[in-house]
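Single-structure report; data block below.
What follows is calculated from the coordinates using simple rules that are stated; it is not laboratory data. All figures in this text were calculated on a predicted structure; none of them were measured in a lab. Please note: Cβ atoms are built from the backbone with ideal geometry, for glycine as well, and neighbour counts cover all protein chains shown.
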Amino acid sequence: MSTPRERVASLREEIARHNEAYYAKDAPTIPDADYDALLIELRDLESEYPELASDDSVSRKVGAGSTTVFSEVRHAAPMLSLDNVFDVTELGAWAERVAKGLGLGLEEIDFAVEPKIDGLALSITYIDGVLVQGATRGDGQVGEDVTDNVRTIQNLPETLAVGHRGRVEVRGEVFIAKSDFLSLNEHQRALGAKEFANPRNAAAGSLRQKDPAVSRERPLSFLSYQLVDLDDSLSFERYAQTIAQLSRWGFLTAAEMKVLHGATPMIEHSTWFEEHRHHLAYEIDGVVIKVDDLAQRDALGFTSRAPRWAIARKLPPEERATRLLAIEVSIGRTGRATPYAVLEPVVVAGSRVSMATLHNEDQVAQKDVRPGDLVIVRKAGDVIPEVVGAVREPGKRRKSPWKFPSACPDCGQPLVRVGDESDTYCVNPACPAQQLQQIIHFASRGALDIEGLGESRVAQLLTGGLISDVADLFELRVEQLSSLEGLGELSATSLTEAIEGAKSAPLSRVLVGLGIRHVGPVAARELANTFHSYEALAAAPLDVLEAVEGVGPVIAASMYEYCRDPENQERMRRLASNGLSLREPEVVSALSPTLAARAVVVTGAVGGYSREQAEEAIVARGGTSPGSVSKKTYCVVVGEAPGAGKVNKARELAIPMIPASEFERLLATGAWNTTIA
Ligand code: IVH
């Protein structure tokens, strides 16, 4: 452990290094959030140990560090920050505090609701209508004089459109619009220069350029959201009036800003931003809600760091704009041909995304995304990334609409689309792409759970010609395996042992593993529990299959056909002769149906249970365990590393969230003692 003094010194050094990379070289090496965390730790230490603080600490300047060439500006009034809330419940609680503070009802207050632009705060001073100074926020008290660079901002008035005598300060956010950001990076690419990580980084780097000529090249914009009347010569009663004044003076203000009467519509409009954020011209990281009545603001006042009359509702950073490079098609285990987007890599919800699903032919047409388009990629919670749609770029010529290929990209056989289904299939059973996916699925956790048989190993076995069907797995010998690259005798032996162990898997898991169309885990369990052996299942007439609980005509027909297809019959015969039990043990459920007809969603790891086991335990008590949270969800069991999507949804819908430690109690009694806020 280092002493606080040592830690402060090492933090300052590290931050200075990142500042150099970020500002001087415009090439950040760590994500903004990580950088912020270092800065917060340093500021916390400096305030806890004032003897370690120093005026020239990197914490006092916005990323200034040793490269700073800007002089300091003391703000006439501190530039405060905003407190954050992360969901509607917390937002409601803030509104209640406001109402209480004012002695009013929740629905009696006017709230301005506006976008929280993901840029940098800037203060611009005008004297007698003329721009005299631009300053960064800095530590809130002292910022940096960036006047020369501020003058290069395209949409900023040098002089106020309607003359004004006296001194005013206009505060707002400097940012780079989504479409400008892409052209900027295009330009950088053409120059062979480094691309910017995101619009915010680009704006920050551009604003702090030593040479204003460089800033001028950067497409900076400014949106104003605060008017500071330095000599008290203007009289406004409402925030909305100040915004109207700013607009008259020639400033850009948020077109999406609305003043709403009461907390309910206020919360509603804040959610509107969550849904429409990708249609806005700039990136937002939240919604700002402000009390509109300026006298009420005065009554509420400030805490040491933020106004009580305003709050930021943070939105999860789950959508990003990026360039669609190409649309390709991948073949799944059922032969389904799924179109997917090849993207210029972009970080969404914390991870780098370079591919995203487009689902099917109709979706591509409906979203009208074309190679070359600027598209919105969404990666919400733990779902796979998808392309939401294209961003309109006025004046830009687009390619012609994308056409679904007529041949399978893997085997070259025709792709077919049957009836009114929206999916397209490769119907060649010998298609190598299908074989690969089928075997991967067969060995996966939800099916036979064969350890050591992941995607790359299966691919290796397939290309090595050792297998072409799941039945081949059970004929693999150690000698064959140990000749493969990366597989010594030891791992070859454990792989054959794992395969051997899979032979006793219950029929339901084998059915899941076979990937029979429409036969999911629930139907597989019902079928296996009804017939107990594959033999009996395969002999069942169609109407008997249809009569099985939870098995409708579609599943029954698919199962029936599967059993009658000669290739499948051969596969099942080989599986049986290779020693698979293909039986479902009789379980007499002595468990009471504590969760009868209740939907319990599990997210994250629950100690002592695999994901499948946790779901099976719920099902064994009469419940269901769907993969997503809805209004009908009874409760959400939150384990270790839960999915943010499920947690947020549960919060939003006010579904009880219970800790994993309560899982046993839930199973035993259908109830719980504690919930998570
Ligand atoms: S109001 C005293 N309104 O968010 C209130 N801030 O987290 C001052 N921001 O430093 C801020 N959009 O850089 C306000 N519509 C908006 C905003 C906004 C973005 C930024 C601003 C501020 C930070 C606080």
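A few points about this structure:
- For the range 121-140 versus the range 600-627, the gap between their alpha-carbon centres in whole angstrom: 57 Å
- Selection among C635, A443, V132 by position relative to the dipole of the chain gives V132 as farthest towards the positive end (Cβ unit charges, Cα centre).
- Estimated at 0.36 nm per residue, the fully extended path between E41 and H518 surpasses their Cα-Cα distance by 166.5 nm.
- Bins of 20 Å from zero: percent of alpha-carbon pairs in the chain: 14, 39, 31, 14, 1
- Rounded to 5, the percent of DSSP beta bridges in the range 561-677 classed as antiparallel: 10 percent
- Karplus (6.51, -1.76, 1.60) ³J(HN,Hα), θ = phi - 60°, over the range 437-450, in Hz, Gly and Pro reported as x: 5, 5, 5, 4, 5, 4, 8, 6, 4, x, 10, 7, 6, 8
- If R0 equals 25 Å, the separation of the Cβ atoms of A596 and E421 corresponds to a calculated FRET efficiency of about 0.10.
- Ranking L462, F531, S351 by how far each Cα lies toward the positive end of the dipole of the chain (charges on Cβ) leaves S351 at the top.
- Within the range 66-221, the proportion of C-alpha pairs whose separation exceeds 22 Å stands at 54%.
- You can think of it this way: the chain between L104 and A9 has 29.3 nm of extra reach, that is 0.36 nm per residue less the Cα-Cα gap.
- Placing a pseudo-label 7 Å from each Cα along the Cα-to-Cβ vector at T675 and R392 gives an inter-label distance of 4.3 nm.
- Rounded to the nearest 20 debye, dipole of the chain from Cβ charges on Lys, Arg, Asp, Glu: 940 debye
- Summary of packing: across the peptides 496-503, 384-391, 481-488, the per-residue average of other C-beta atoms within 10 Å ranks them, highest first, as 384-391, 496-503, 481-488.
- CD proxy at 222 nm, helix term only [per DSSP H run n ≥ 4: -39500 (n - 2.57); per residue of the chain; nearest 500]: -10500 deg cm²/dmol
- For the chain, cysteines whose Cβ has no other cysteine Cβ within reach (under 4.7 Å): C563, C635
- Cβ-Cβ FRET estimate between L490 and E217, R0 fixed at 51 Å, reported to 0.05: 0.30
- Full extension of the segment from V342 to D148, taken as 0.36 nm per residue of separation minus the current Cα-Cα distance, would add 65.8 nm.
- Selected from A660, I384, L234, residue furthest toward positive end of dipole (the chain; charges at beta carbon): L234
- Rounded to the nearest 20 debye, the dipole size of the range 167-289 about its Cα centre is 400 debye, using +1 on the Cβ of Lys and Arg and -1 on the Cβ of Asp and Glu.
- Cα long-axis angle, helix 32-48 against the chain (0 to 90 degrees, to the nearest 10): 60 degrees
- Highest to lowest packing among 43-50, 306-313, 126-133, 12-19, scored as the average C-beta count within 10 Å: 306-313, 12-19, 126-133, 43-50
- Among 507-516, 661-670, sorting by the average number of other beta carbon atoms lying within 10 angstrom of each residue, highest first, gives 507-516, 661-670.
- Taking the Cα centre of the range 274-313 as reference, the dipole from Cβ charges on Lys and Arg (+1) and Asp and Glu (-1) amounts to some 220 debye.
- Charge sum, other residues only, whose C-beta stays under 14 Å from R165's C-beta, Lys/Arg counted +1 and Asp/Glu -1: -3
- Placing dummy labels 7 Å off each Cα toward the beta-carbon, the span from Q241 to S406 is 7.0 nm.
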